[in-house]
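*Asks:* I have a structure I would like to understand better, so I am pasting it below and will then ask my questions one at a time.
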Amino acid sequence: MNIIKNRIVFLLSFLLCLVSPWLASQTVEEIIVKGDWRQISIEKEDSSIIVLDEELIKSQPIKHFEMLSYLIPNLNFAASDSRARYFQIRGIGERGGYEGTPNSSVGFLIDDIDYSGQGGIATTFDVDQIEVHRGPQGSRIGANALAGLIYIKTKDPTEEFEGTSEVTIGDYGVLNSGVAFGGPLDQNKDITYRIALRKDYSNGFRKNVYLNKSDTSKKDESTLRLKVNWKASDKTSIKFLVTEIDMNDPADIWTIDDSLNTLSDRPGMDSQKTNAYGLKIFHRFNKFELQSLTSITDTNVIFSYDADWGNSESHAPYTYDYFSETLRNRESFSQEFRVVSNPADLASDFPAEWVVGVSYSDINESNLKNDDGVYGDPSDPYGPYASESSSSSKYNSENLSVFGNLDYFINETTKISIGARSEDWDASYSDSLGESFNPSKRMSGGKVSLVKTLINDSTIFTSIAKGYKQGGFNLGLGLAPIHKIEISIMILSS
């Protein structure tokens, strides 16, 4: 009987979903999806998307995507001690925030620059829109978007001068301030610009009672972004972007007694500084537009922590003092060319919209890990024992992919969409412990969907999507290094 009831409830729910477009009478604000090949109304999309608009983003006092992620179903993140760098969508993605990852499962784009695995820099001041595309994005992004895509669009320069500012003061030393402004140049109205400056500071809500400091888990973060758009001619436009994000965040959150008071004598860091440069060129022809997207990123991460969580007094009479530090540098270069057709003409013999393109990316990452420590037991006549270890690794990967997408309109309300991507991936890895790998992989994925527009511009669709991800390895810093051990022998006389 329960099975029959459940089936009836499911059937009624399904029928309600079908007829709800006819029942809806209120006017809904149009939402434009900007993270796809071309801007499109969300009602015409053929995948699961969550969009956070400008008003919602501005209403949040903490300007970081980590805080907004709580509003998005099926999205989680993995943090180390400071900001989240890795994300999971529908349970798929990196779950550890301490080691780097050579290939991410969730793509992370800001203004079309790929920051996958570097999500700590996702400040959200002067942001226009945030989109979370759930499900494989094999044709759109490729291997970095097996589980989905996070797309952040910051505000573009405007044709009229405008500006905004914000100041927040709160407990625990919170002082946040930001200003953004821009418009056309007086000398040339075809050149527009926008500058965004932001500073976020707080002491943190933990106190180090051993050092008598309240800022060993502080947040000291700054954002600088410059956008310049140039309308070179009626058919050509150029967009330039420079951004610098500095997350200078100490890491001192681990406590022995589960309180808010730490005892560390050597607090660590969980900082990230990223510089990025982007150049977009658009040139319109009669029936299509040629797009060139170029980007460079340079990220430096310092991750360190007091591995014993305490100090000489808290561990007495034992000697117990350990510290770990990882220095990480990641540089990337990306170049993509797209040919995007004009919007479909339903009166033509071939009513379709299409995209074809080629993409290349190069990633170089280096890691240096240093550990030191000393342990002593007063009952052990051979102690204390000191240890010191160091390990390093280098990683490089190159991706070359070709992709395409075709939207064919069967009629004014029905279209079929087919997308595909083929990708060649070559990587090399080596470390100071003698490990080395040179994997390569050819991968492919895509999507097929059928979209039907109903009354009130509502849409139902069915789709099949295939994602993919490179095989690979961890970056090696979890391997057991060769330790340098020093033994000090104490001789006691009576």
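The values are calculated or read from the model by the stated rules, or taken from the named source; none is laboratory data. Quick caveat: nothing in here was measured; it's all calculated off a predicted structure. Neighbour counts are summed over all protein chains in view; Cβ atoms, including those assigned to glycine, are modelled from backbone coordinates with ideal geometry.
*Asks:* Within region 217-256, track down each residue that is among the acidic types (Asp, Glu) and over 23 Å from Ile62 (Cα atoms).
*Replies:* The first filter runs over region 217-256 and keeps only residues among the acidic types (Asp, Glu), leaving 220-221, 234, 244, 246, 249, 252.
The answer is Asp234, and nothing else.
*Asks:* Return a yes/no flag: does region 413-420 have any residue that is crowded, with 16+ Cβ neighbours inside 10 Å, in a strand (DSSP E or B), of a type in the set (S, T, N, Q) and under 26 Å from the mean Cα position of the chain (by Cα). Full working, then the answer.
*Replies:* Step one: of region 413-420, the residues crowded, with 16+ Cβ neighbours inside 10 Å are 415, 417, 419-420.
Checking the rest, the ones that are also in a strand (DSSP E or B) come to 415, 417, 419-420.
Add one more test, that the residue is of a type in the set (S, T, N, Q), and what stays is 417.
Keeping just the survivors that are under 26 Å from the mean Cα position of the chain (by Cα) gives none.
Scanning region 413-420, I find no residue that is crowded, with 16+ Cβ neighbours inside 10 Å, in a strand (DSSP E or B), of a type in the set (S, T, N, Q) and under 26 Å from the mean Cα position of the chain (by Cα), so the answer is no.
*Asks:* Read through the list (1) in contact with a Gly (Cβ under 7 Å, 6 or more places away or on another chain); (2) at pLDDT below 90, then give the number of the only condition that Gly472 fails.
*Replies:* All conditions pass for Gly472, except number (1).
*Asks:* Out of the residues in region 363-389 that are surrounded by 15 or more Cβ atoms within 10 Å (Cβ to Cβ) and charged (D, E, K, R), which is farthest from Thr299 (Cα to Cα)?
*Replies:* It comes out as Asp372.
*Asks:* Further question: Every residue in region 397-427 that is farther than 22 Å from Thr462 by Cα and touching an Asp or Glu at 6+ places or on another chain (Cβ under 9 Å), please.
*Replies:* Here is the first cut: in region 397-427, the ones farther than 22 Å from Thr462 by Cα are 397-402, 422-427.
Result: Ser397, Glu398, Asn399, Leu400, Ser401, Val402, Asp424, Trp425, Asp426, Ala427.
*Asks:* Right, something else. Pull out all pairs, ordered by first then second residue, where Cβ-Cβ is under 6 Å, the residues are six or more apart or on different chains, the first lies in region 291-309 and is closer than 13 Å to Asn248 by Cα, and the second is acidic (Asp, Glu) and part of a strand (DSSP E or B).
*Replies:* Within 6 Å, the pairs are Phe303/Asp270; Ser304/Glu325.
*Asks:* Looking at region 52-63, I want the residues that are in a loop (DSSP other than H, G, I, E, B) and have a partner that is of a type in the set (Lys, Arg) and crowded, with 16+ Cβ neighbours inside 10 Å with Cβ atoms under 7 Å, at least 6 apart or on another chain. Which pairs are those?
*Replies:* Pairs that qualify, where the first residue is in a loop (DSSP other than H, G, I, E, B) and the partner is of a type in the set (Lys, Arg) and crowded, with 16+ Cβ neighbours inside 10 Å, are Lys63/Arg198.
*Asks:* Here is a follow-up. For region 113-231, list the strands (runs of 3 or more DSSP E) that sit wholly inside it and hold at least 2 residues that are buried (at least 18 other Cβ atoms within 10 Å of the Cβ); which are they? First the steps, then the outcome.
*Replies:* Working: elements: 127-134, 148-154, 162-170, 174-184, 191-202, 219-231.
Correct list: 127-134, 148-154, 174-184, 191-202, 219-231.
*Asks:* Where the second residue is buried (at least 22 other Cβ atoms within 10 Å of the Cβ) and modelled with pLDDT under 95 and the first is at positive phi and hydrophobic (A, V, I, L, M, F, W, C) and lies in region 260-271, which pairs have Cβ atoms under 8 Å and are six or more apart or on separate chains?
*Replies:* Close Cβ pairs satisfying both conditions: none exist.
*Asks:* Among (1) within 25 Å of Glu353 (Cβ to Cβ); (2) part of a loop (DSSP other than H, G, I, E, B), which single condition is His283 missing?
*Replies:* (2)
*Asks:* Continuing with this model, one more query. From the list Asp156, Asp114, Asp171, exactly one residue is under 22 Å from Glu66 (Cβ atoms), in contact with a Ser or Thr (Cβ under 9 Å, 6 or more places away or on another chain), of a type outside the set (Val, Ile, Thr) and in contact (Cβ under 8 Å) with a residue 60 or more places away in the chain. Which is it? Explain how you work it out, then say what you get.
*Replies:* Details: Asp156 fails: under 22 Å from Glu66 (Cβ atoms); Asp171 fails: in contact (Cβ under 8 Å) with a residue 60 or more places away in the chain.
So the residue among Asp156, Asp114, Asp171 that is under 22 Å from Glu66 (Cβ atoms), in contact with a Ser or Thr (Cβ under 9 Å, 6 or more places away or on another chain), of a type outside the set (Val, Ile, Thr) and in contact (Cβ under 8 Å) with a residue 60 or more places away in the chain is Asp114.
*Asks:* Sticking with this structure for a sec: Could you list, in sequence order, the residues of region 421-446 that are assigned to a strand (DSSP E or B) and acidic (Asp, Glu)? If you could, list the steps in order and put the result at the bottom.
*Replies:* Within region 421-446, the subset assigned to a strand (DSSP E or B) is 421-431, 436-437, 440-446.
Correct list: Glu423, Asp424, Asp426, Asp431.
*Asks:* While we're here: Could you tell me whether Pro343 is out of contact with any strand residue (DSSP E or B) (no Cβ under 7 Å at 6 or more places or on another chain) and surrounded by fewer than 17 Cβ atoms within 10 Å (Cβ to Cβ)? Give the steps one after another, and end with the answer.
*Replies:* Numbers: out of contact with any strand residue (DSSP E or B) (no Cβ under 7 Å at 6 or more places or on another chain): no; surrounded by fewer than 17 Cβ atoms within 10 Å (Cβ to Cβ): yes.
The answer is no for Pro343.
*Asks:* Identify, please: which residue in region 433-464 is free of Cβ contacts under 8 Å to residues at least 24 places away in the same chain and touching a Ser or Thr at 6+ places or on another chain (Cβ under 9 Å) and is, among those, farthest from Glu412 (Cα to Cα)? Quick ask: steps written out before the conclusion?
*Replies:* From region 433-464, those free of Cβ contacts under 8 Å to residues at least 24 places away in the same chain are 434, 436, 438, 440, 442, 462, 464; that's our starting set.
Narrowing further to those that are touching a Ser or Thr at 6+ places or on another chain (Cβ under 9 Å): 436, 438, 442, 462, 464.
Working: Ser436: 56, Asn438: 50, Arg442: 38, Thr462: 18, Ile464: 22 Å.
Among those that are free of Cβ contacts under 8 Å to residues at least 24 places away in the same chain and touching a Ser or Thr at 6+ places or on another chain (Cβ under 9 Å), it is Ser436.
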